[in-house]
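Asks: So that we are looking at the same thing, I have put the structure below in C-alpha cells.
The values are calculated or read from the model by the stated rules, or taken from the named source; none is laboratory data. All values derive from a computational prediction rather than experimental measurement. Backbone-built Cβ (ideal geometry, glycine too); neighbour counts: all protein chains shown. Note: areas computed on protein heavy atoms with side chains; ligands, DNA, RNA excluded. Shrake-Rupley method; radii C 1.70, N 1.55, O 1.52, S 1.80 Å.
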Amino acid sequence: MASDSLSNLPELTVSELSGAVKRTIEGAFERVRVRAELGRVVTARSGHMYLDLKDERATISGVAWKGLAAGFNFRPEEGLEVIAEGKLSTFPGQSKYQIIIDRLEPAGVGALMALLEERKKKLAAEGLFDEARKKPLPYIPERIGVVTSPTGAVIRDILHRLSDRFPSHVLLWPVLVQGEKAAGQIASAISGFNSIEDPKLRPDLLIVARGGGSIEDLWCFNEEVVARAAANSQIPLISAVGHETDWTLIDFVSDYRAPTPTGAAERAVPVRAELMTDIVNLSGRMSSIRARQFDRAQTLLRAASRALRTPEALLSGFWQRLDSASAHLGPALRNRISAASQRYHRLSGRLQPRALRSLTTDRLKHLDSQQRRAAHALRRASSQKEAELNRLARRLAAQKPQTKAPAEALETQLARLSQAAQRLNERKRDRLVSAFRMLESVNPKGVLARGYALVHTESGLARRAGDLNPGDAIQIEFADGKKAAAVGGKASPRKAAKKPSAPGKQGDLF
Amino acid sequence: MSDTAEKSPPYVSTLSFEAALKELESIVEKLERGDVELEESIAIYERGAALKKHCEDKLKAAQMKVDKIVFDEDGAPKAEPAGLD
C-alpha cells in the first residue's frame, strides 16, 4: 500500500513543487501587516535591504527593494519595533519564504520617541536649531502662505483670527497632514512656496499648521524631510502643530513656534485697529505739539518785535545818507572826470615836443614883436623928444636975445636933458640886447648850432644815459637835420649815452 | 510745505509700515522733547504727516483675500480664489 501509494503519487520536479508552494503561500496570504522587532539588518551592495522580523519565538525574513529602502525616513536598525506591510512570498532558490515589504514604519510611542530624539540630535548637531538661523518675522506680512489641510477647523481658525486682527492676503497650499504621503506633501509645499518668484504671488511669511492629534497623527511633522524643508525655507516660517504640549521636529527648526494654529495667526499679524489708534494718537500728539510750538514762537516773536524799533526807523538814517550820497555821486564823479580829463588834455598837449617847439616859436615871435615894438617905441620916443627939444630950442632961440643968463641956464638944462635922453636910450638898448641874447640862448636850435645834439627815443627825448639801452633805435637831431642810429652793443649804457647832450651841460645852459 | 511735500512722499512710500511707524514715533518724541529748531520742526512735522498718511493708507488697504495654490498643466503653482468660507 505504501509502495502503491508511493507509486501513485505524481512525480514533481523541485521547481514545480517550489512553484506550487509559492502559489499557495501567495494565494493564502496576499497582503500582510506584521508587528515585529528588527533583527539582523543588511543592506546589500545592490541597494536592496534584507531584514529579519522577529518576536520572542519566530523569525521571518523580509526584503525591502532598493526603491523603498532608499526612501525610508528613519534608519531601520536591530531592536527597533516596526510595523511592516507587504506580500508574503517565497524565494525558491533557498527554500525560503519571506515578506516583500512595501511599507515599513516604526511602531509604538516609545519607538517613535526614541526615533524623534535621534533625529533631534542629528539635526541639532547640524546646527539647524541654532537661534542664529532664525529669521525675523515681518511686522505686517504682505502675503501669508499657509501649509495645511484645506478642510477642517485649522484653516478656518487661522483665517478668522487673521481677519479679526489684520485682514490679509492668504495663499493656501493644500496638503494632507496625516498619513504616509503627508510628509512629502508638506515638505514640497514649503519648498514650493520658496520657489515662487512672482512678487505678486510669493508670500513673505509661512504658517505650517495642523490641529491636535496623537503622536502618530502628528508624526509627519517629525519627518526629517519636513524639518529640512522648513530649515531651508528662505521665507520666515511659523510652525503650529497640535496643542501647546506637542513638540514636533518642525517646531525646533521653525523661526517661531506657535502653540496652536490660532496662536500662529496672532503672531503673524498685529491688530489693525490698535495700529490705527496708535497712528491717530501719534498724529494728534504731533499736531498739538506743533500748535503749541507755533504759539510759543509767536509769543516770543511778538515780544521780541515790540522790543525792536521798526525797521523803517532803524534804517531811515541810513536811507537818508544813502539818498544824499547817491544824489551827489553822479555829478561828483562827472565833475571829477571832466576836471581830470581837462587837466590831462592840457598837460598832455603841453607835453608834446611839437607843443614845446610851437611854444618856443610863439615866444620867439612875441619876443621879436616886443623887440620891434621896443625899437619902434624907442625911435618914436627919441624923435618925440627930439621934436620937443627942437621946439624948445626954437622957443629958446626966440627968447635968447632978451636974456643971456637964462640962455646959459637953458644951455645947461639942454645939455643935461640930452645926456639924460642918451642915458635912457642906452639903458633901454642894453636891456633889449640882453633880452635878445637870453632868447637866443634858450632857442634849442641855437644850442644845436653850437654842436650839441638831441637824442630821441621811441618814448621821447633821452635826458639821461639810463634812458638808453643797448640796441635801442634812436634819432639824433642836429641843427641841420636828424639821423637814425642805434645804441651800441654791449657797451655800458652810460658810455653809449655820453655823446648826446649831457645833462650837466644842458642844465648849465639855463 | 509744497517743497517737502513734493519730495518726501515718494521716499516715504518706499518705507515698510513698520519703518514708517517707527519713524513717526521718533518724530513725535523728538517734537515732544522740544529740542528741535522751529524750522526743522516744521520739516519733520511735514514728514510726520506724510508718514502718518502712508501708514493709514497701508492699514486701510488691508483686506482679507484667500487664494488656494493650484497647479497648471506644466505643474507650476498658481493662485485661484479658495472659496473656503
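Asks: Among B:Val70, A:Leu396, B:Leu24, whose Cα lies farthest out toward the positive end of the dipole of the protein assembly as shown, if unit charges sit on the beta carbon of Lys, Arg (+1) and Asp, Glu (-1)?
Replies: Sorting the options by dipole projection puts first A:Leu396.
Asks: Tell me the total accessible area that A and B bury against each other, 1.4 angstrom probe, in square angstrom rounded to 100. Let's see the in-between values first.
Replies: Values: alone 34400 and 6840 Å², together 37810 Å².
Separately minus together, A and B give about 3400 Å² buried.
Asks: Restricting to DSSP loop positions (anything but H, G, I, E, B) with no more than 15 other Cβ atoms inside 10 Å of their own Cβ, which GluC sites (Glu not before Pro) remain in the range A:1-109?
Replies: For GluC sites (Glu not before Pro) across the range A:1-109 that sit outside H, G, I, E and B with at most 15 neighbouring Cβ atoms in 10 Å, the list reads A:Glu11, A:Glu30, A:Glu56, A:Glu77, A:Glu78.
Asks: Non-local amide H neighbours of A:His48 (under 5 Å, H modeled in plane, Pro and chain starts lacking H): which ones?
Replies: Here A:Lys66 satisfy the definition.
Asks: Turning to a different aspect of this structure: Test of understanding: express the Cα radius of gyration of the range A:353-442 as a ratio to 2.2 N^0.38 Å, with N the residue count.
Replies: 1.67
Asks: Within the range A:160-194, whose backbone N sits under 17 Å from a point 7 Å along Cα→Cβ of A:Asp102?
Replies: Within reach of a label on A:Asp102: A:180-181.
Asks: Among rounded, prolate and oblate, which fits the range A:12-106 when a ≥ b ≥ c are the square roots of the eigenvalues of its C-alpha gyration tensor, a/c under 1.5 means rounded, and a/b larger than b/c means prolate?
Replies: prolate
Asks: Going Cα to Cα from A:Lys482, which aspartates and glutamates come in below 20 Å? Please leave out same-chain ones fewer than 8 positions away.
Replies: The qualifying aspartates and glutamates are A:Glu458, A:Asp467, A:Asp472.
Asks: Report, in whole Å, the centroid distance computed from the Cα atoms of the range B:22-81 and the range A:142-159.
Replies: Cα centroid of the range B:22-81 versus Cα centroid of the range A:142-159: 25 Å apart.
Asks: Right, something else. Can you sort A:Val14, B:Val28, A:Val177 by 1.4 Å-probe accessible area, starting with the largest?
Replies: Of A:Val14, B:Val28, A:Val177, the descending order of accessible area is A:Val14, A:Val177, B:Val28.
Asks: May I ask for the angle, rounded to the nearest 10°, between helix A:311-351 and the longest principal axis of chain A, with both axes built from Cα atoms and the value confined to 0 to 90°?
Replies: Helix A:311-351 sits at roughly 50 degrees to that axis.
Asks: Tell me, what ³J(HN,Hα) does each residue in the range A:17-27 have, in order and in whole Hz, if you take phi through Karplus 6.51 cos²θ - 1.76 cosθ + 1.60 with θ = phi - 60° and put x for Gly and Pro?
Replies: Using θ = phi - 60°, the values come out as 5, 4, x, 5, 4, 4, 4, 4, 5, 5, x Hz.
Asks: In peptide A:202-212, how many Cβ atoms from other protein chains are near each Cβ within 10 Å, on average?
Replies: For this peptide, the per-residue mean of nearby foreign Cβ atoms is 0.
Asks: In the range A:161-186, which residues become less accessible by 10 Å² or more once every protein chain is in place, relative to the chain on its own, using a 1.4 Å probe?
Replies: For the range A:161-186, once contacts with the other chains are taken into account, A:Ser163, A:Phe166, A:Pro167, A:Ser168, A:His169, A:Val170, A:Leu171, A:Leu172, A:Trp173, A:Pro174 lose 10 Å² or more.
Asks: Another question, if that's okay. Averaged over its residues, how many other protein chain Cβ atoms are within 10 Å of peptide A:407-414's Cβ atoms?
Replies: Averaged over the peptide's residues, the number is 0.
Asks: Right, here's the next one. Whole number in Å², please: accessible area per residue of chain B, 1.4 Å probe, ligands, DNA and RNA not counted. It would help to have the intermediate numbers written out before the result.
Replies: Working: 5150 Å² over 85 residues.
Heavy-atom accessible area per residue stands at 61 Å².
Asks: In whole Å and largest first, what semi-axes does the C-alpha gyration tensor of the range A:115-270 yield when each eigenvalue is scaled by 5 and square-rooted?
Replies: One finds semi-axes of 22, 17, 14 Å for the range A:115-270.
Asks: Then there's this: How much FRET efficiency would the formula 1/(1 + (r/R0)^6) give for A:Asp430 and A:Leu392, where r is the Cβ-Cβ distance and R0 is 25 Å, rounded to 0.05?
Replies: Calculated transfer efficiency: 0.40.
Asks: Which far-off residues, 5 or more places away or on another chain, put their amide H under 5 Å from the one on A:Leu80, with H placed in the peptide plane?
Replies: Correct list: A:Leu38.
Asks: Per residue, how big is the convex hull around the C-alpha atoms of chain A? Give it to me in cubic angstrom, could you? Display every interim value, and only then the final one.
Replies: Working: hull volume 244.7 nm³, N = 510.
Cα-based convex hull of chain A, divided per residue, equals 480 Å³.
Asks: Among DSSP bridges having both ends in the protein assembly as shown, what percentage is antiparallel? Round to the nearest 5.
Replies: Taking every DSSP beta bridge within the protein assembly as shown, about 65 percent pair in antiparallel fashion.
Asks: Would you tell me the accessible area of A:Asp362, worked out with a 1.4 angstrom probe on the heavy atoms of the protein chains, in Å² to the nearest 10?
Replies: In the full protein context, A:Asp362 sits at about 90 Å².
Asks: If you don't mind, another one. Let's see if you can work this out: charge +1 on each Lys and Arg Cβ, -1 on each Asp and Glu Cβ, no other charges. What is the dipole magnitude of the protein assembly as shown about its Cα centre, in debye to the nearest 20?
Replies: 11680 debye
Asks: So if each residue of separation counts as 0.36 nm, and I subtract the Cα-Cα distance between A:Glu244 and A:Tyr344, what length gain in nm does that give?
Replies: Contour length minus the Cα-Cα distance gives 24.9 nm.
Asks: State the percent of C-alpha pairs, over all pairs in the range A:144-191, separated by a distance greater than 15 angstrom.
Replies: Summing the P(r) tail past 15 Å for the range A:144-191 gives 46 percent.
Asks: Another question about this same structure. Using only Cα atoms, find the angle between the long axis of helix A:153-165 and the longest principal axis of chain A, and express it within 0 to 90 degrees, rounded to the nearest 10.
Replies: Roughly 30 degrees, rounded to the nearest 10.
Asks: Mind checking the mean number of beta-carbon atoms from other chains within 10 Å of the Cβ atoms in B:62-74?
Replies: 6
Asks: Taking only protein heavy atoms and a 1.4 Å probe, what accessible area per residue, in Å², does chain A have with all protein chains in place?
Replies: Here the residues of chain A average 64 Å² of exposed surface.
Asks: Additional query: Let me have the 222 nm mean residue ellipticity of chain A computed from DSSP H runs of 4+ only, each contributing -39500 (n - 2.57), with the sum over all residues rounded to the nearest 500.
Replies: -18000 deg cm²/dmol
Asks: Follow-up question, since we're still on this one. Using the 2.2 N^0.38 Å rule of thumb for compact globular proteins, work out how the range A:55-189 stacks up: its C-alpha Rg over that value, please.
Replies: Ratio of Rg to 2.2 N^0.38 Å for the range A:55-189: 1.51.
Asks: Rg and Dmax in Å for the range A:224-382, alpha carbons only: what are they?
Replies: 52.7, 162
Asks: Quick one: ranking A:Phe252, A:Phe294, B:Phe17 by accessible area, 1.4 Å probe, largest first, what do you get?
Replies: Result of the area sort, largest leading: A:Phe294, A:Phe252, B:Phe17.
Asks: Given DSSP loops and a limit of at most 16 other Cβ atoms within 10 Å, what is the longest stretch of chain A that contains no such trypsin sites (Lys or Arg not before Pro)?
Replies: It runs A:201-308.
Asks: A follow-up question, please. What percentage of the solvent-accessible surface of the protein assembly as shown, computed with a 1.4 Å probe over protein heavy atoms, is contributed by carbon and sulfur atoms? Could the numbers behind the result be given before it?
Replies: Working: 20530 of 37810 Å².
Reported share for carbon and sulfur atoms: 54 percent.
Asks: Further question: In degrees between 0 and 90, to the nearest 10, how far off the longest principal axis of chain B does helix B:38-61 point, with axes built from Cα atoms?
Replies: Rounded to the nearest ten degrees, it is 20.
Asks: Expressed as a whole number of Å, what is the distance separating the alpha-carbon centroids of the range A:34-48 and the range A:279-298?
Replies: Taking the Cα centre of each part, the range A:279-298 and the range A:34-48 sit 78 Å apart.
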